[in-house]
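Structure first, then comments.
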Amino acid sequence: MTAPITDTVADAVDSRGGSRGTTFVRFLRRPAGAVTAVVLLLIVLVAVFAPWLSPHDPNAVDLGLTRALPSAEHPLGGDTTGRDVLSRIIWGTQITLWGALVAIVTSLVIGVPSGLAAGYYGGAVDRIGTWISDGLQAIPGMIILLIVAAAFRNDFTVLMITVGVFMAPGYFRLTRSTVMAVRGEAYVDAAKVAGLSDLRIMGRHVIRAVVAPIVIQSALTAGMAMGMQAGLQFLGIGGGTTPGWGAAMNEGFRVMRTDPLLLLWPSLALGITIAALAVMGSTLADVISVKTPTLSRRERKRIARLNAEKTPAGATATTTGSISVAAVDSAVRLENLRVNYETTDGEVEVVHGITLDVSPGEVLGIVGESGSGKSQTVFSMLDLLPKSGYYTADAIWIGGEDVTTLSKRDRAQLLGHEIGYIPQEPMSNLDPSYTIGYQLIEPLRAVHGMSRSEARERALAMLDRVGIVDPARVMKSYPHELSGGMAQRVLIAGAIAGKPSVLVADEPTTALDVTVQAEVLELLRELQQEYDMALVIVTHNFGVVADLCDRVVVMRSGSIVEIDDVGPIFENPQSDYTRELIAASLDGAESRVELDTGLDAHAPAAPAAHATKEQNA
Ligand SMILES: Nc1ncnc2c1ncn2[C@@H]1O[C@H](COP(=O)(O)OP(=O)(O)OP(=O)(O)O)[C@@H](O)[C@H]1O
């Protein structure tokens, strides 16, 4: 038996040095992250080394320097009272960063513990915390700041502490909602059961969930605090003799017409710092939320090779399912297909080595409960897995050719030619900005090399064929003008326009009104027979299976539990799971026969209790 693929991937990941790098490393790998890190580091260095970097005393007045233009000795010139602008900007960096730090620490100290307590305990603690937070937000902060400035003689640090108090509700709400989302997690219960104190659980386990959002929030709050600080200084509050950027902007603003540079320098300093913090916040959010970095093609091949090497000689990989015809005679054949996703918890295998095939002209149903791996199986067939996922397979045969040897590009060429695809959600698969005609004609021209008039003719014919009443009008319509049933017919028309030999339909009726489901299934059956296509239909409805399919694959938790012709599956299911699925699917549903003989011939809901293909033919 082969080693579990996840072990091998873990090995591979470890061999690359930890779980694909820390958040910080991933942040630095992004161009925006690297640039902002460098910019912010420089700003911090300027602030720390201000006494050494500043060429002059920032408060020293030299009347000869009044409004002086930039020169070699004073690279940014002099201000309105004859002080060196560069020195004041450098010292202003220190003041600005200090102010932001004071405000953030104050917000953190107030907002995070109170948010933790409110989210963790809920009830009265939460209510009181929320009232205070709402109350703080309702108070006009500027008036309080003016009072504080007057009471504390414009003390800059006290003012920034006050700014921090007004920013604390942001941290409170963020922490509270994050904690609420995790407080019911099994690991929190487990910690409680283990007898840990609430304080310890919050401090050790729950706080971990809030660290990432708080770091992001802090980057944004720092920018806001700097903006407020500059705003206050601009209004002449909290400035004093402190060489702050806001005070410099105030001065520059007053002489903007005659000495615009005096406004430019502090504005640039503030703008660059706030922009860097904002970009850092959004890049961090990106890095932290998108925790599914993709493995390169080469890496995936290496992992597949490592797995193969781990398989003992003579042993074959565990696989479920079976095949019915020789590979070259099949329309599609999957051999030992595995699908993996990279998640925050590492590599997860969601399809565990399945083998199945479809003959030309055959209808194969893939059934199973939600999450059983049906869609992942067909996405692998189509090579349409999302970036964070990948498959490995001994072979995937399409039209008698093993397509795993093809390049990504050649593989894509099969779509629309060899394989057609009908998705689950018709509306979201049509572009709202283009007419139906454009969306049908474009692929026929681009993929099938038809002229505009040929493509238009084919599109009209296909729309007519799928039962669209006024094709010429629908061609001019936009998706929002169509009903769900019409949209699905349009997509079916698009899928078969290239006359594929295999049509893959992923729950094609799930999103449709129950009254049109049967019509769409009927249409699929007709088209499949008319074009003699193999049809792979994903569903969790055994009624659909009974109605449409020749053979059925029953999937559960990423494996095939049963694969057989429709007759035997219904008459004598081998697995209890299949039996339960049939019972659940058909329980209480009217049969198609009952519906067809009923009053409304067009109202056959979830098709098909005990109907068979023969009965419906
Ligand atoms: N992007 C993803 N990242 C991680 N796991 C995923 C991702 N997409 C799907 N999965 C997992 O793969 C498994 C199979 O999903 P799949 O979509 O194939 O189920 P399904 O049988 O088609 O279900 P449904 O009938 O609900 O569409 C599920 O456990 C799902 O959580």
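Derivation of every value follows stated rules applied to the coordinates shown; laboratory data play no part. In this text the structure is predicted, and so the values were computed from the model without any measurement. Cβ sites come from the backbone with ideal geometry, for glycine too, and all protein chains shown count toward neighbours.
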Per principal axis, descending, Cα span of region 484-588 in whole Å
40, 29, 24
Would you mind calculating the gained length between residue 278 and residue 406 on full extension (0.36 nm times residue separation, minus the Cα-Cα distance), in nm to one decimal?
41.7 nm
What's the exposure ranking of 579, 452, going from fewest to most Cβ atoms within 10 Å?
452, 579
What nm distance separates the two modelled labels at residue 180 and residue 142, each placed 7 Å from Cα along Cα→Cβ?
3.2 nm
Inter-label distance for residue 510 and residue 200, nm, one decimal - labels placed 7 Å from Cα along Cα-to-Cβ
4.5 nm
Hey, with R₀ at 30 Å, roughly what FRET efficiency would residue 41 and residue 98 work out to, going by the Cβ-Cβ distance, to 0.05?
0.95
Can you put 475, 256, 249 in order of Cβ neighbours within 10 angstrom, beginning with the fewest?
256, 475, 249
Residue-count net charge about residue 382 - beta-carbon cut-off 10 Å; Lys, Arg +1, Asp, Glu -1
-1
Find how much the distance from residue 71 to residue 23 grows on full extension, using 0.36 nm per residue of separation minus their present alpha carbon separation; answer in nm with one decimal.
12.9 nm
J(HN,Hα) series, region 254-268, from Karplus relation 6.51 cos²θ - 1.76 cosθ + 1.60, nearest Hz, glycine and proline x:
5, 10, 4, 5, 8, 10, x, 4, 5, 8, 4, 4, x, 5, 4
Sorted largest first, the Cα spans of region 197-265 on the principal axes come out in Å as 64, 21, 14
So for 531, 391, fewest C-beta neighbours within 10 Å to most, what's the order?
531, 391
Efficiency of FRET from Cβ geometry, residue 318 and residue 557, R₀ 22 Å, rounded to 0.05
0.95
Would you mind checking 476/499; 387/476; 374/408 for any pair whose Cα atoms are more than 29 angstrom apart?
387/476
